[in-house]
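What follows draws every value from the coordinates through simple rules; no lab data is involved. What you see is a predicted model, and the numbers here were worked out from it, not measured in a lab. Cβ: placed from backbone, ideal geometry, glycine included. Neighbour counts: every protein chain shown.
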Amino acid sequence: MSATSEPDLRKVEAIVIGASAGGVAALGTLLPALPAQLVVPCFIVLHLPRERPSLLADIFAPQCRRPIVEAQDKEPVAPGTVYIAPPDYHLLIDEGPAIALSTDEVVHFSRPSIDVLFESAADVYGRGLLGIVLSGWNQDGADGLEAVRRAGGLTIVQHPDTAEAPVMPQSALARHPDHLALSLAGIAALLKELPAGKPA
Amino acid sequence: MPSKLFDIEMRLLIDAIFLKFHYDFRSYSGPSLKRRLTTAMTRFGCATLSQLQDKVLHDPSTFPQLLDYLTVQVSEMFRDPSYFRALREKVVPLLRTYPSLKIWVAGCSTGEEVYSLAILLHEENLLSRTLIYATDINAHALQKAEAGVYDIERIPGFTVNHRNAGGRSSLADFYSAAYGNALFDKALKSHIVFSDHSLATDSVFAEVQLVSCRNVLIYFNRELQDRALGLFRDALCRKGFLGLGSKESLRFSACADDFDPVVEADRIYQRRDGR
């Protein structure tokens, strides 16, 4: 797919989002854009210093019209639910689909790692996956987004010029130039087009 | 049935490992196993899992190395300090009531948690009457655990954890530093038995008052989780304690009714009285 063509969001079966430095603010813009009748699950890895218990789900809940929870090991994936990786665990997607957690070694100094989530989700959802890499200072997510692209999924990065920390989207684009680069407003506008069910 | 080529090759390799080496990964959680095998493929210079299978079956030096990729868990001492604090505050007072103690650390890998427990018990004046069984399926990891030698660069992190876990002494009292390593005290080791044991294929070997098995069950599928939890239940005395990893729960397990929560937030449970 060329970087200029309009992506078709009707085929999307799941969303993965990776964010690091500047990610809390970026997610604060994107999460409210998720449709209230969203039917596909969304998985988020946000790099944070280790803390416990994680407050992320509580922080984002008021801004999100869908249920937002910390991912639990072996939990079956529910439609329209937003899952956040717990601090100090990798978040992976298993067949089913179901959640899987691991304490395997850090990847790009990170646990949870964006690459780990994206690669496992690409394996399960293939061309039905939408991957989004947001602001950050490291290279996590570049390999993962490439795995999503190779599996036939849709790939988007926050435009480096608009990211608080441009390195992460830049690294993803350096890995492959065809990812769609959009401002947060542009990504938010696209998310509104995601498959939605009937109003409850 | 698996349809993707990688999944087919993975199943064949796992079967081959079971048939030839009797290590049973057939009930391990898929995504982590897949990720570790992908890493191993690169490490062994194999383009496919079938090539790796050829090496595993025909080159005797390959499997022991592969086993490290599949099983070794890097942990740290006093990982999740609140778990050890909860053990100290809620479990130790009851452990004190036993004249002698047996504790099972299942899936001990390179031993960080075993030494953490031994130090905690020493600080609580219980170690002298305690025997800790530290088990794992990886002989290489067990050797490392038994050696009790860790890179000195990891010690500052361990020290912070120990303090946050309510440590009553200085961690430095328990090791000596030399040549960039920290060697943990032999006095701790004299209360630990390191032994080969598989939660997938072996059975209960002793009655214990506490089982600690953290971040092992997340690598198992539900059936194997239930098998392991059944072993823990059967190994525990009445009112014995079970500690799991911070993201592991009994909630969805077939064994959920065999245990009561003691400190749910830190995943500490107690075996119910009757059966």
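Dividing the mean sequence gap of close Cα pairs (under 8 Å, 6+ apart) by how many residues chain B holds gives a relative contact order of 17 percent. Averaging the Cα positions of each part gives two centres, and for the range A:40-93 and the range B:54-94 these lie 25 Å apart. For peptide B:23-33, how many partner chain Cβ atoms fall within 10 Å of a residue's Cβ, on average? If you average over the peptide's residues, the count of other-chain Cβ atoms is 4. Helix B:30-43 and the long axis of chain B differ in direction by around 70°, with both axes built from C-alpha atoms. Here A:Met168, B:Met41, B:Met77 are placed in order of increasing Cβ neighbour count within 10 Å, fewest first, which gives B:Met41, B:Met77, A:Met168. For the residue pairs A:Lys74/B:Lys34; A:Lys74/B:Lys20; A:Lys11/A:Lys74; B:Lys102/B:Lys239; A:Lys74/B:Lys4; B:Lys90/B:Lys186, alpha carbon separations beyond 18 Å are given by A:Lys74/B:Lys20; A:Lys11/A:Lys74; A:Lys74/B:Lys4; B:Lys90/B:Lys186.
Once the convex hull of all Cα atoms in the range B:1-124 is built, its volume per residue stands at 153 Å³. Please compute the contact order of the range A:38-177 in relative form: average sequence separation of alpha-carbon pairs under 8 Å and at least six residues apart, divided by the residue count, as a percent. Value for the range A:38-177: 18 percent. Computed on the Cα atoms alone, the convex hull of the range B:170-275 gives a volume of 151 cubic angstrom per residue. Taking 7 Å steps out from each Cα toward its Cβ at A:Glu164 and B:Ser190 produces label points 5.5 nm apart.
Mean partner shielding of peptide A:95-106, defined as the number of other chain Cβ atoms within 10 Å of each residue Cβ, is 6. I'd like the distance between the alpha-carbon centres of the range B:172-250 and the range A:101-154, rounded to an integer number of Å. That distance is 32 Å. Evaluated at 4 °C with a viscosity of 1.567 mPa s, what Stokes-Einstein diffusion coefficient in µm²/s does the protein assembly as shown have when Rh comes from the Kirkwood expression over alpha-carbon pairs? Answer, rounded: 55 µm²/s. What number, in nm² with one decimal, is the all-direction average of the projected area of the convex hull of the alpha-carbon atoms of the range B:5-71? Result: 3.9 nm². Partners of A:Lys192 within straight-line reach, counting aspartates and glutamates whose Cα lies under 18 Å from its Cα and excluding those fewer than 8 residues away in the same chain: A:Glu6, A:Asp8, A:Glu13. Shape summary of the range B:81-271, radius of gyration then Dmax from alpha carbon positions: 15.9, 50 Å. If you wrap chain A in the convex hull of its Cα atoms and look at it from every side, the mean projected area works out to 9.8 nm².
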